[in-house]
1. Among the residues of the range 6-62, count how many are acidic (Asp, Glu) and either surrounded by 13 or more Cβ atoms within 10 Å (Cβ to Cβ) or closer than 10 Å to Pro366 by Cβ (or both).
2. Being among the basic types (Lys, Arg) and either assigned to a helix (DSSP H, G or I) or crowded, with 20+ Cβ neighbours inside 10 Å (or both): is that true of Arg362 here?
3. Hey, among Arg142, Arg157, which residue is of a type in the set (Lys, Arg) and touching a residue at least 12 places away in the same chain (Cβ under 8 Å)?
4. Restricting the range 98-118 to residues that are on the phi < 0 side of the Ramachandran plot and without any contact (Cβ under 8 Å) to a residue 60 or more places away in the chain, which is surrounded by the most Cβ atoms within 10 Å (Cβ to Cβ)?
5. Since Leu198 meets every condition but one in (1) part of a strand (DSSP E or B); (2) within 16 Å of the ligand (Cβ to nearest atom), which condition does it not meet?
6. Take residues that are farther than 29 Å from Gly350 by Cβ and in contact with a strand residue (DSSP E or B) (Cβ under 7 Å, 6 or more places away or on another chain) and tell me which of the helices (runs of 4 or more DSSP H) falling wholly in the range 1-120 contain 1 or more.
7. Could you run through the range 153-195 and say how many residues are in a loop (DSSP other than H, G, I, E, B), away from the ligand (no atom under 16 Å from the Cβ) and aliphatic (A, V, I, L, M)?
8. Could you look through the range 209-264, keep only residues that are in a loop (DSSP other than H, G, I, E, B) and either modelled with pLDDT under 95 or acidic (Asp, Glu) (or both), and pick out the one that is nearest to the ligand (Cβ to nearest atom)?
Amino acid sequence: MATTLMDTYGTRPLTFVKGEGVWLWDADGNKYLDAVAGIAVCGLGHAHPQVAAATAEQASTLVHTSNLYNIPQQQQLGDKLVELSGMDSVFFGNSGAEANEAAIKIARLYGHNKGIDTPTIIVMEQSFHGRTMATLTATGNRKVHAGFEPLLKGFLRAPFNDINSIEQMAANNADIVAILVEPVQGEGGVNVPAASYLPKLRDICDRQGWLLMLDEIQTGNGRTGSFFAYQQCGLLPDVVTVAKGLGNGFPIGACLARGAAAQTLQPGNHGSTYGGNPLGCATALATLNVLSEQNLPARAAQLGSFFLSQFKELLKGASCVREIRGQGLMIGIELDQPCAELVAKAAAQGLLINVTAGNTIRLLPPLIMTDEQAQQVVDILVPLIKDWGSSDATSV
Ligand SMILES: *Cc1c(COP(=O)(O)O)cnc(C)c1O
């Protein structure tokens, strides 16, 4: 099957034909509990009625006009995002990588405006920022780089959650203009930094005149228990990027900025043909309205503590489990060995999970999950992990 498609995704063993809430169905009518949500995208679950109605209504009214013209839906969505984020202004693109491209361009232009000819951005080990040339360069994963050299200039890499290394870079490099970092690393294995990490980065950026740029593409839209993860740290970044959960599956991304960063791009500096079109903006606006009306960020926090406490309690003493960590509905269960085969084992029991960074089970459930469904995830996953651990021990 699929021989005309470039082989960028490897084997894809499942095919879904329909979704509703936390459920997906394959063509044979088998039903799956979805704890992946399209990789942190469908926070409201599948086929959410309010979002579907907004998309359908806009699709039958006006899909696209281009940014040659005013787009009221773009203005409304911008207003809503500014209100939710505490930022000043927004640029819309169509994906996470594009949101980060805008952030990187803002940082570089901000640097040039200060007279820095080779502006440099600090990025982290194990980070993920996308697959375009600039964002793959920013990504801290050798596998994402390999074969695509030469990479871009103007990036410096630091270990994640390590303030000293940033201080050293500050002392040794006058070209630094910004730090780009995920509040919780997603693809890198659900890595949660110390609570003091972002505040300390904020302090360094303030002292140095650097931009603090947070990639909230995965952590944003309520997933970590607040609308944006930085809102749990009592600070504001200079630039924030969002995508994934923003359109509940409709491709849309945004780069938000504040203060000097919000004033950097001028007419002609940046653009997108599709970015912020009426259809995408109407869909995202409906998504944000449901997220706030139903107070779903708080629900993500509540469900997240349920999952963490259940897994910590029920997997206590399972020798294959190295660490259980997470924030809100980004949950990672790190095992002692690569565990990709658990994805198929869980699917065979009607549960969709993801494995990232080789050995970490990652759960990114929709924020609308009920208590009962969350219990079901635990009931399927815990014995599966225990069995995997013990069969593995006997086979060595
Ligand atoms: C998914 C992701 C991206 C890339 O988003 P795309 O829409 O795939 O381009 C960037 N940063 C983070 C943190 C992500 O999780």
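1. 3
2. When the stated conditions are applied, Arg362 passes them.
3. That would be Arg157, the only listed residue that is of a type in the set (Lys, Arg) and touching a residue at least 12 places away in the same chain (Cβ under 8 Å).
4. Looking at residues that are on the phi < 0 side of the Ramachandran plot and without any contact (Cβ under 8 Å) to a residue 60 or more places away in the chain, I get Glu101.
5. Of (1) part of a strand (DSSP E or B); (2) within 16 Å of the ligand (Cβ to nearest atom), only one is false for Leu198: (1).
6. Helices (runs of 4 or more DSSP H) meeting the threshold: 72-85, 96-113.
7. Total meeting the criteria: 3.
8. For the range 209-264, the residue satisfying everything is Glu216.
The values are calculated or read from the model by the stated rules, or taken from the named source; none is laboratory data. Predicted model, so just to flag it, every value in this text is computed and none were measured. Here the Cβ is made from the backbone with ideal geometry for all residues, glycine too, and neighbour counts use every protein chain on show.
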